[in-house]
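I have placed the structure first, in the form of structure tokens, so that the comments after it can refer back to it.
A short reminder: the numbers here are calculations on the coordinates, not readings from a lab. The structure displayed is predicted, hence computed values, not measured ones. Using ideal geometry, Cβ is built from the backbone for each residue, glycine included, and neighbour counts are taken over all protein chains shown.
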Amino acid sequence: MSHDLIETLPLPQRLALSYAPASARAATLALLALDTRLASVVLGGGEPMLTQIKLAWWRDRLGEPCEKWPKGEPLLATLSEAMGDCFGLGALVDGWEGLLAEQPGLQEWEEFAAGRVALWAGLARRLGNDVTGVARPARAWALADLALGMPPGEERTAIVSAAHAEKASKVRLPRALRPLAVLEALALRALAGKREALLDGPGAMLLAMRVGISGL
């Protein structure tokens with residue numbers, strides 16, 4: 001597993017990854033690193049045209065067999081080794097691209113959440129798990145992540161309300177998907193306490209530890 005890729009992850013994702021079983025760690029890292037790379041493209045403040053070109057490049061790669069992927073890109077190499085083909089993950093690119101809209105609204109937020117759901121569904125399939133249980137926690141994490149990146153206001157309030165709606169009917173995820181359980185728990189804690197970050201001190205770390213070990 002590439003230490004360099006681990007260091008690209010935001011701290012919450014890095015912490016969540018630490019609770020993945022050994023058999024799932026490489027694939028989990030590959031997909032979290034892909035999500036992080038797309039975030040850097042969209043949120044990096046580059047020229048809009050160049051940003052669109054980069055996103056189109058990733059969408060094209062994820063839509064073709066991995067045998068056709070260019071050599072020399074470490075993340076593609078990791079995805080190929082850990083995941084094989086990544087058909088279906090174009091939705092993740094679409095979700096990030098939607099946030100480039102001049103005034104992202106409900107449709108763009110839903111597309112972003114759907115992209116994050118596609119990420120975890122792809123991982124579940126790769127690991128031989130049922131994909132039906134990932135939609136709610138992945139959506140909750142995605143919406144909470146969006147809200148935490150926004151200033152206070154009506155838009156943030158709307159996203160928070162949508163994220164809170166995902167708390168119902170909590171289901172214990174398989175051990176292989178424990179990182180998603182950790183991210184969801186941190187996200188819902190942050191929203192419930194009107195916090196500004198997923199990891200904001202010992203309480204968050206203790207929660208991550210509890211969920212990472214027990215799944216609940």
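From Cα pairs below 8 angstrom and at least 6 apart in sequence, can you work out the relative contact order of region 3-214, rounded to a whole percent? List each step's numbers first, then the result.
On the way: 262 pairs, mean separation 43.6, N = 212.
This gives 21 percent for region 3-214.
Taking other Cβ within 10 Å of each residue's Cβ, how do Met83, Met209 sort, fewest first? Each step should come with its number before you reach the end.
On the way: Met83 19, Met209 14.
Ordered by Cβ neighbours within 10 Å, fewest first: Met209, Met83.
Using a simple charge model, +1 on the beta-carbon of Lys and Arg, -1 on the beta-carbon of Asp and Glu, nothing else, what dipole does region 3-214 show about its Cα centre, in debye to the nearest 20?
Numbers: 23 positive and 24 negative charges, 207 e Å.
Charge dipole of region 3-214: 1000 debye, to the nearest 20.
Starting with the fewest neighbours, write out Asp60, Asp4 ranked by other beta-carbon atoms found within 10 Å of each beta-carbon. Don't skip to the end; give the middle numbers.
Details: Asp60 13, Asp4 10.
Least to most surrounded, the residues fall as Asp4, Asp60.
Counting other beta carbons within 10 Å of each residue's own, what order do Glu155, Glu184, Glu7, Glu81 fall into, fewest first? Please report the intermediate quantities before stating the final value.
Values: Glu155 17, Glu184 26, Glu7 9, Glu81 13.
Taking fewest neighbouring Cβ atoms as first place, the list is Glu7, Glu81, Glu155, Glu184.
Restricting to DSSP H runs of at least four residues, report the calculated mean residue ellipticity at 222 nm for the chain, -39500 (n - 2.57) per run over all residues, nearest 500 deg cm²/dmol.
Working: 11 runs with 142 residues, N = 216.
Using -39500 (n - 2.57) per qualifying helix, the result is -21000 deg cm²/dmol.
State the Cα centre-to-centre distance between region 105-142 and region 13-39 in whole Å.
14 Å
Mind running the shape call on the chain? Use the C-alpha gyration tensor, a ≥ b ≥ c as the square roots of the eigenvalues: rounded below 1.5 for a/c, prolate if a/b tops b/c, oblate otherwise. Walk me through the intermediate numbers first.
Numbers: a/c = 1.64, a/b = 1.13, b/c = 1.45.
Here the chain falls in the oblate category.
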